[in-house]
1. Shape of segment B:209-278 from its Cα gyration tensor (a ≥ b ≥ c, root eigenvalues): rounded if a/c is under 1.5, otherwise prolate when a/b > b/c, or oblate?
2. From the phi of every residue in segment A:155-172, what ³J(HN,Hα) in whole Hz does the Karplus formula 6.51 cos²θ - 1.76 cosθ + 1.60 yield, where θ is phi - 60° and glycine or proline is x?
3. Let me know the mean shielding of B:131-138 by other chains, meaning the per-residue number of their Cβ atoms within 10 Å of its Cβ.
4. For chain A, what relative contact order do you get, as a whole percent, if you take Cα pairs closer than 8 Å and at least 6 residues apart?
5. Take chain A, connect every pair of alpha-carbon atoms lying under 10 Å apart with a spring to form a Gaussian network, then pick out the residue of A:TYR261, A:TYR74, A:TYR50 with the largest mean-square fluctuation.
6. What is the sum of charges around B:ASN55, taking Lys and Arg as +1, Asp and Glu as -1, for the other residues whose C-beta is under 13 Å from the C-beta of B:ASN55?
7. Ignore the peptide's own chain and count Cβ atoms of other chains within 10 Å of each Cβ in B:176-184; give me the average, rounded.
8. Taking amide hydrogens as modeled 1.01 Å from N in the peptide plane, which residues meet the under 5 Å criterion relative to B:VAL254, leaving out close sequence neighbours?
Amino acid sequence: MNAIRNQFSSLHDLREKAPLFLALLFGITIFASACNLWVPEDSIFYVSTYTITLLGKYLCYALLALAVDVVWGYCGILSLGHGAFFALGGYTMGMYLMRQIGDRGVYGDPILPDFMVFLNWQELPWFWYGFDHFWVAMLAMILVPGLLAFVFGWLAFRSRVAGVYLSIMTQALTYALMLSFFRNEMGFGGNNGLTDFKDILGFSLQSDSVRVVLFLCSALVLALAYCCSLLIMSSRFGRVIVGIRDAEDRARFIGFKTENYKVWLFVYSAVLAAIAGALYVPQVGIINPGEFSPLNSIEVVVWVAVGGRGTLYGAIAGALLVNYAKTRFTAVFPEAWLFALGALFVSVTIFLPKGLMGLFKGRKLFSSEGLPWLKGRRKGEETQ
Amino acid sequence: MIALDNVRQAAQRYRERSFSAIQKEPNIDISHQVLLYVEGLSVSFDGFKALNDLNLYINDGELRCLIGANGAGKTTLMDVITGKTRPDSGDVYFGQTIDLLGKTEAEIAQLGIGRKFQKPTVFEEQSVFANLELAMKVNKGITSTLFARLSPSELDWISQVLDTIGLKSHYTMMAGALSHGQKQWLEIGMLLIADPRLMLVDEPVAGMTAQETERTAELLTSLAGERTVVVVEHDMEFVRSIAKTVTVLHQGSVLAEGSMSDVQNNPAVIEVYLGEEH
């Protein structure tokens, strides 16, 4: 029985699952970075800056998928609006980058971003104050989506809205935000969004080394988020969350205030999504209201479903694979991509309900020696 | 019965060592020997009166059986006591002072009222051990669950409960893979491990073999005295084997109350309920 006590410590899962993941992630990112910076352009090992940026974008998507997996895979909250938090995080970063342009804009106004000059605005709206400081933008990146998720979650979970109704509400949330961000009067650049960024923290966004650093930062943040989520999910808190997913009434009647747990998890997930958005914007160089589009949020759910829910690494793998496929596919058959995505989703749901990672689970990927908890799970699967 | 003595001792040790320090016991005033007051309770769903001016008093340490035909209001009564359903009128007090109406399910559970559902409800995707761990009486706040570690006395306590419910050899198994009877036992174990003052047990022996039923009866009788147990059951044999006091519900109110033989000889009861057996 003492053995199980160790398996119930959060560190156990971290020791068991993180090393392989971290080795793969950092192995590939560092190799790619080195090949970009130090390998001559005519070598076959050369990785172009375009590829680095593309990979960085994938990593941001992977972080977004991780955020969705945390709420959907572990707690059964199917959010079809996580793109909203991603975009809000992106906008806070975009506002900072906008202010960094200074008088180098087309109109050369030292304070007002181009679009405000274009709209004949005389002064900066109050909510743009402070965004010339990086730390203010970072604070806003956490607080704004966090607060929105808190208010939304508190209202929804306290009223015990669940299942498909909740999904529709999250969808409406992101749609409403999209419509309002499209309006010029909102002060976020309307349908053009924020773009033409020049530099971040004084470093030019166009230089290769800054691209590589941003790419490595994305990998580092993804690794941190993965380990942190793994720790949370393998703690007793994580078991309560899974309990809420499977039998919320039971969790209530043994004394857990399940609403509070769900709100906490939803806020955590929203903040992860926002960080992903903030890392995404300097790499792709633009943020516009299209990021709020409900379709984007649904796509994230597809990535998670393809990779496999409730495993964390499944969501990451799903995001990377589907996005790689998208890049390849849209280059060849742009108009067929959505059909392919739909077909992928349908076939995964029918043939691989546990996603691609369900194929590996219990095989050699994670040995279950000395891990009765996992063994039990497999025994459970066989008899079901 | 050795296992039961052990469990009592382990519970005692567990109480002394761990949570008396961490958690303050809710102060339940039972100066009049009554643990649960239900007075003038009425609940209606779309005009159907599920409970109709129901009065019920449960003494501290008592083992009470509730019987009644389908729709007599047994489960609704449990729903009201545990905070799942809000009544239209009436009072529910825990001890002399604690008003249960208006409290949430979680608050009521933390006061020491445990409930077993009619359909066994356990966390199917988690191990038997994890099920018990979650049900344990510890601080249920977010921060403390995030950083919780099992103490040796908690482990000891879980192990004792596993012994009592006969699932020691299955503790790593997913709860969803257990048989129906085993799930019932696990759920009873989850009640037991929370060390509740009042246990509300809805149909504990449905789907159990005769032998399992006998053990359940033994367990529930042994718990009474130290805890207060309210059992809802359809199996009349089972009720006969454990009950000292039986309350018969009919159309949302109490029809009769007394010992099993009193109730069986009550003409009103014979007519509406037991009568069907004859």
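Every number here is computed from the coordinates shown, using simple stated rules; none is lab data. Treat the numbers as computed from the prediction; the structure is a model and nothing was measured. Reconstructed Cβ throughout: ideal geometry from the backbone, glycine too, with neighbour counts over all protein chains shown.
1. Prolate shape, in that a/c is at least 1.5 and a/b is the bigger ratio.
2. Result, ordered by residue: 5, 6, 6, 5, 7, 6, 7, 8, x, 5, 5, 5, 4, 5, 5, 5, 4, 5 Hz.
3. 4
4. Relative contact order of chain A: 30 percent.
5. Maximum among the listed residues: A:TYR50.
6. Net charge in that neighbourhood comes out at -4.
7. Whole-number average of other-chain Cβ neighbours for B:176-184 is 2.
8. Result for B:VAL254 returns B:ASN55.
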